[in-house]
Each structure stands twice: as C-alpha cells, then as structure tokens.
Amino acid sequence: MTASDTARLERVTAALAAIDEFVAARLPLLDTPGVAIGLTDREGALGFVCRGLADVASGTPVEPDTRFQIGSISKSFAAAVVLQEHDAGRVDLQAPVTDYVPWFAVRSRFGPITLHHLLSHTSGLIMGTEFSAEAGGAVWTLRETDTGFAPGERFWYSNDGYKLVGLALEAVTGRPVHELVAQRLVAPLGMVATETVIRRDSLRPVATGYERRGDDRPAHTGRPLDVAQLVESCSADGSIVSSAADMLAYARLILNRGDAPGGRLLSEAAFDRWCAAVIEDPDEPGSFYGYGLVSRTIDGYACIGHSGGMVGFNSLLLTETGTGLGVIVLLNGSGDRMEIATYALAAVRAALAGASAPPPAPPADPAAIGAAAGEYVGEYVLADPDAAVSPAARLVFAARDGRLALVTPTGGEIVLERRDDDLFLAPQPDWDRFHLRFERDDGGAVVALSLGPDWYARAGHTAPSAPVADPSWAQLVGTYRSYNPWSPVFRVFSRRGRLLMVAPCLYPSDELELVPLPEGRFRVGAADWLPDRLWFDTVVDGRAIRAVYDGAPFYRTFT
C-alpha cells in the first residue's frame, strides 16, 4: 500500500467515524432500533456504519450483512428485467398492458394503459392498499376501482401498477418475477444474502421490523416501539430482502451504467431508459421518475436512486453519477433516511477529496421553532361544544423558550412538536389522536385551529359561518379497521360542512376531503383527478358498518 493509499484509507475511516457520530445522535429520535449504512464507489465498498439492534428482544446488533426488507427499491429490479425483455424484442413498452395480461380491467374513460405508464407511475391507477400478498388478487380487484386521469398525463405512485408489471413479465417469460430478478440480477451481481420473496419460513435470519404503538394516530417517540407484523410478499412492487453489503453491489450496477463484473446486465440504451426523467413528482419538485428509479439534484450533485417502505422497515438508495459514490440506508423501523444518506455522502466525498468530513450537526429539535411560537400564543374557543370530541372546549397556548406549549385544563403543559408549517402534534395520550392544524387569514395572522372534527376560533376572531353538512353523513362518521397491517385503520368525521378522512398509516400528516360522486362513492382528496375512492355499502340501524376503500373492505370499530 502506497503512502497516498494509506492517507486515503485514514480519511475514509475518519469519515465513517463522523457518520457513526451523526447517526448515534439521531437514533434515539428515530422510530427504529437499528440502522445499517453502506458506502461504495464504482470499484468496491468503502465501508459501513451500523448502529443499534436488529432484534431488541435478543439484543442482536445490526451488522453489514444483516438482512432488511428493502421495499420499493425492488421496483427498479423489476423495471430492469422489463428493459432486458424489451432489448430482446419480446416486450413493447408502448403496447396496451392487456396484450400481456388480457384479464386486467379498470373503471376508466381514458385510453389504454401501457407498460411505459406502469413503469413511470403515470397510469392513473390507485396506489393500492396492499391487502393481498400476491399480485393476482390486487390486480383483479382493480376492476372495482377508477383511474383518475388519462395515462401519461400525471404522476401518481402506484404499487398496484408494479404488481401488474410483474404479471406482464410472467406472461411473457412463463416465470414469476421473483425468479427472473434472482436469476438475471441478484445472482450475476453476487448478492449472496439477497432473497427476492418475503416469507415466514425463510431459513436465513432477517432483522425484526418495528413501528410505533398506536396505528390509529400519528407516530411519536412518546409511544413505544412494537414488533411489526411480518407480511409475506412475492410481487414486483416490493418483495426483496437484502443487506447493506449486497445493496452496494446493486448501487455499483447503477454507477457503472448497467455494467457488472461478469459483463453488461443492461445495454446503454436500456440504462438510459431506466433512469430517464420521464415525469416530475409534484410532491417533490425537482425529482423525476424514470422506470423504477428517481433522478434529482441533491446538494448540487446529480443523483439516481429510490426509497423503500415496508411494514416495519424503511430504506434509501442514492448514487451520485458525477462523483461515482453510492449509499444505502436500511432501517428496521422508520425515520429521516435522506438526512442520513446525504450526510454520509458528504462525509465520504470530502474524505476522497482530501478534506475532513463536515462536523456532525446536532439533530433538529422538532419542538424548537424560535420566535414563531409567539404567532400561535393565546386562547382558542370551540365553535360547537355540544358536539365536541376534544378533551377541552377552550385551548390555551403559551410560548416557552422558543417552543409552543399547550396548557391543559389541569394546568399542565404539553410541548408541541411541529410536523409542518402550522401543523403540530401534542405527544401525550388524550391529545395525540389528531394533529393540531392552525389556520391563517388572508393577511397571514393565525385565527383558528382544528383538532380532528373540532374547530376552534382564536379569541377575538369572529368565526365565519360554515356550510351545513349533508345530514346523511352522520351515518358514515366513525372509525373503520381492517386487519391489513399496511392500511389498518382510518377515521371519517365531519367538520364545518366538509366530510374528512385521516389514515395515519397511509397518509401520516394528511387530512383528506371526501368528495361525493355518483353511485354513492366518494373521491378521496379534493383534486378532481385523484383516483382513490371510498364507499359505504352496509348501513344498519342508521350506521355504516362496512366501508370499501379502493376495493379493500374495512369495518366499523368502537375506538
């Protein structure tokens, strides 16, 4: 080893130590007991940072070969196989998908859906509620659902669309998608710890997944971590189990434009299609979806990658096309993957340039909002105390050292966590079922807030009259539950003339309007192009006892 090699190794080692310090400070604030981080360049792994536990009960630590569910990063594997078939002339990306899966059907007034639309999330199909572990059941049920827009017109993420991609591949090749991925990508890349199905009877250990207790409300660190349910899966949208070490081999496939140690796995043309900027994600301006991969610029560097989320797991793969660096972040829980990944890349990038890693900044305090706390201080009065479900008809907020506190009726104080602009959470029982949503007038002054179905006007503010709610909505209001761990529960309530829905596991911070449509259905969300639908098909003694969300049944529960 030369002196320059030794110096390089020392700098990379120091960068890994800085990353470890960065993660150590944040792990107690994340919704996960463990994290594995791997870093690579185009030639080979640069190192790993592992913190915490793969299994809390046994005390098993996370290591570079610990296996995690990688979630939707799996979509890029399926897309790569489609592109191999396209290069072989067996697949037409612009042909209707019914040419390959003729029994597929969906309620639509628009033109045909192609593989191109499915791969780029521009089909107009629903995201899917993941009620079926096997693709066939979910895709068959799409005939009960609606498309929201003409194919190619918009971006709308669809897991069910990728399930259909897997079925098309099976129809063309005669083999299930998980076998194709294992043979054509996993084996040639030497990903020896990777499995392409999630199953209970796997003989190889997998990290235990965790999630916060209380699936019917927003997650926060005041609630303990519970073991998440293991969900079997073999579909193209997210069924891969892998390790940080193995995923770096996959990152190098991207960094080397489809070339692998044993030869090319994707042609140059196929690689360009794989990561092309087909359409921008409006929820993440500057992020462009291709075929199972996302391209964007982060901290001034062009990146290609994808995130993943499973029940009890989260992941993020990022590669920098200019610097030739890649990172994988694997969590057996949830948390801010992007913050970890971008710091890790910055630290190693600096080391390879001959500089020191940027010093790890302390983690952000979600309760610290500085002078902005004063904007919300004061008393708020419930507009309809006779129909209230909130713990108090009068809410008082005070500023405490740059934090906003809710003064409880007993004189205690709950420091609020800010989740977004004007969106807060009181992380205490009796108060954490809904977010606190402050409202402003046209001049920007805070004048009201809502807490689930209850609406409070700030003292001194004259509340405008609200539209009268449809009286038939009273039979729909309530909590509905399924025993699908992906989407276990949602609440329906009426507030100021609007019917609303919250589904913490599907949409952690969102409050979605239910818009009446013909046939007794409701569109989930105010925008007229959204595809999600909710309907209530069983009413007993003036109460709906069954709701169907995008084809999946839910039943009224008492909580």
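Since every read-out is calculated from the coordinates, none of them should be taken as a lab result. What you see is a predicted model; the values in this text were computed from it and never measured. Positions of Cβ are generated from backbone atoms using ideal geometry, with glycine treated the same way; all protein chains shown enter the neighbour counts.
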field: the stretch 1-74: GluC sites (Glu not before Pro) falling in loop per DSSP and having at most 10 other Cβ within 10 Å
entry: 43
message: Let me spell out the model: positive unit charges on the Cβ of Lys and Arg, negative unit charges on the Cβ of Asp and Glu, origin at the Cα centre of the stretch 408-546. What dipole size does that give, in debye rounded to 20?
response: 360
- request: Please give the length that would be gained between residue 272 and residue 539 if that part of the chain were fully extended, namely 0.36 nm times their separation in residues minus their C-alpha to C-alpha distance (nm, one decimal).
  value: 90.8 nm
- request: Tell me the label-point distance for the pair residue 475, residue 371, using the 7 Å Cα-to-Cβ offset, in nm and rounded to one decimal.
  value: 5.5
- line: Note: residue 221 to residue 144 extended length (0.36 nm per residue) minus current alpha-carbon separation gives 23.9 nm
- prompt: Dividing the Cα radius of gyration by the Kirkwood radius, what Rg/Rh value follows for the stretch 471-557?
  reply: 0.92
Span from the the stretch 501-523 Cα centroid across to the the stretch 64-89 one, whole angstrom: 32
statement: Per residue, the convex hull enclosing the alpha carbons of the stretch 370-458 has a volume in Å³ of 89
query: Looking at the P(r) of the chain, how many percent of alpha-carbon pairs lie beyond 46 Å?
result: 17
message: Can you give me the angle between helix 244-255 and the longest principal axis of the chain, using Cα atoms only, in degrees from 0 to 90, rounded to the nearest 10?
response: 80
- prompt: Taking square-rooted eigenvalues a ≥ b ≥ c of the alpha carbon gyration tensor, is the stretch 383-537 rounded, prolate or oblate, where a/c under 1.5 means rounded and, failing that, a/b exceeding b/c means prolate?
  reply: prolate
message: How tilted is helix 74-87 with respect to the longest principal axis of the chain? Cα atoms for both, answer in degrees (0 to 90, nearest 10).
response: 50
- prompt: What is the chain's relative contact order, in percent, from Cα pairs under 8 angstrom and six or more apart in sequence?
  reply: 15
message: Given R₀ = 51 Å, what would the calculated FRET efficiency be for residue 4 paired with residue 95, taking r from the Cβ atoms and rounding to 0.05?
response: 0.40
field: Lys, Arg +1 and Asp, Glu -1 on Cβ, resulting dipole of the stretch 184-343 about Cα centre, debye, nearest 20
entry: 420
Net dipole in debye of the chain [+1 Lys, Arg Cβ; -1 Asp, Glu Cβ; about Cα centre; nearest 20]: 460
message: What do you get for the angle between helix 159-173 and the principal long axis of the chain? Use alpha-carbon atoms, 0 to 90 degrees, nearest ten.
response: 30
Net charge, residue 86 excluded, C-beta distance under 9 Å - Lys, Arg +1, Asp, Glu -1: -1
